[in-house]
Amino acid sequence: MFAALIDDFNRFMIAYLEGKLTYKTPALVYIDIQGLGYEVQISLNTYSKIQHLETCKLLTYLHIKEDAHTLYGFFEEAEKQMFLHLIGVSGIGASTARMMLSSLQPADIQRAILMENEKMLEGVKGIGAKTAKRVILELKDKMKRVQPETVHLSATPNNTTEEDALNALVTLGIARNMAEQAIRKVLKADPGLLNDLEDLIKKALKSL
């Protein structure tokens, strides 16, 4: 009981971080705050909002494990709340929730749950039929009380799109060789994705 109370306290000790982005990838950023650098895990959804910013404010969640303390960051409250809902589902950890928010927008996840669209959720790597059913079962009532929000993503051409996509997939927990194969596969089918980092990552995730 005491350990659980300490865990809850630690999770909400850091409400947000606001500072200079000194390192930025689609899955990880460093935020400098008066000379102190924080490593923050992010989703592709958040990256789309901060990719052109030099400074930003990220809402945070500190995930506590015996062997690691991992800080997750969110540009919008809606995404953070969806993340918290997801990790509250049995069998959904922080990494899986981040993967879901990198594959689908928060509004899409909410819509899938409300419409009981298991196939949409199963399209996320690591989410099987049983897990999709569990997410719907445990969150449907909660999603009815959440105000739907539309999230608009943007993307800009980048000379290192393929490399950035590979690094993002590896950071998300995909084996490098599998990530490379997935990226090559989708680029072969649609070379134009070199001009759209977010879409490249999403399609690579779906092809795994």
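The values are calculated or read from the model by the stated rules, or taken from the named source; none is laboratory data. Just so you know, these numbers come straight off a predicted model, no measurement behind them. Virtual Cβ from ideal backbone geometry, glycine too; neighbours counted across all protein chains shown. Just so you know, the surface numbers come from the protein's heavy atoms only, side chains and all, with ligands and any DNA or RNA stripped out. Shrake-Rupley method; radii C 1.70, N 1.55, O 1.52, S 1.80 Å.
Annotations for the structure displayed:
- Qualifying residues in region 190-208 (those that are within 21 Å of GLY93 (Cβ to Cβ) and in contact with a Lys or Arg (Cβ under 7 Å, 6 or more places away or on another chain)) - the one most open to solvent (accessible area, probe 1.4 Å): LEU208
- If you filter region 118-133 down to residues that are over 16 Å from VAL89 (Cβ atoms) and not in a helix (DSSP H, G or I), you find that the one that is least open to solvent (accessible area, probe 1.4 Å) is GLY123.
- If the condition is being open to solvent by 10 Å² or more (accessible area, probe 1.4 Å) and among the aromatic types (Phe, Trp, Tyr), then region 75-112 contributes only PHE75.
- Contact map, region 193-208: first residue farther than 18 Å from THR46 by Cα and in contact (Cβ under 8 Å) with a residue 40 or more places away in the chain, second residue open to solvent by 60 Å² or more (accessible area, probe 1.4 Å) and part of a helix (DSSP H, G or I), Cβ cut-off under 9 Å, separation 6 or more or different chains; pairs are LEU208/MET178; LEU208/GLN181.
- Residue in region 88-104 that is in a strand (DSSP E or B), among the β-branched types (Val, Ile, Thr) and in contact with a helix residue (DSSP H, G or I) (Cβ under 8 Å, 6 or more places away or on another chain) present: no
- Enumeration of residues in region 27-39 that are crowded, with 19+ Cβ neighbours inside 10 Å and over 15 Å from MET99 (Cα atoms): VAL29, ILE31
- Taking every residue in region 72-92 that is within 15 Å of LEU17 (Cβ to Cβ) and pairing it with any residue that is open to solvent by less than 20 Å² (accessible area, probe 1.4 Å) and of a type in the set (Lys, Arg), at least 6 positions away or on another chain, the pairs with Cβ-Cβ distances below 9 Å are TYR72/ARG98.
- Boolean, ARG145 is among the basic types (Lys, Arg), more than 18 Å from the chain's Cα centre (by Cα) and modelled with pLDDT under 85: yes
- Segments classed as strands (runs of 3 or more DSSP E), wholly inside region 1-61, with at least 2 members that are modelled with pLDDT under 95 and of a type in the set (Phe, Trp, Tyr): none
- Test: LEU187 is open to solvent by less than 70 Å² (accessible area, probe 1.4 Å), touching a residue at least 12 places away in the same chain (Cβ under 8 Å), in a helix (DSSP H, G or I) and within 20 Å of ALA94 (Cβ to Cβ): no
- Residues satisfying the stated conditions in region 40-72, i.e. open to solvent by less than 10 Å² (accessible area, probe 1.4 Å), aliphatic (A, V, I, L, M) and touching a strand residue (DSSP E or B) at 6+ places or on another chain (Cβ under 6 Å): VAL40, ILE42, ILE50, LEU58
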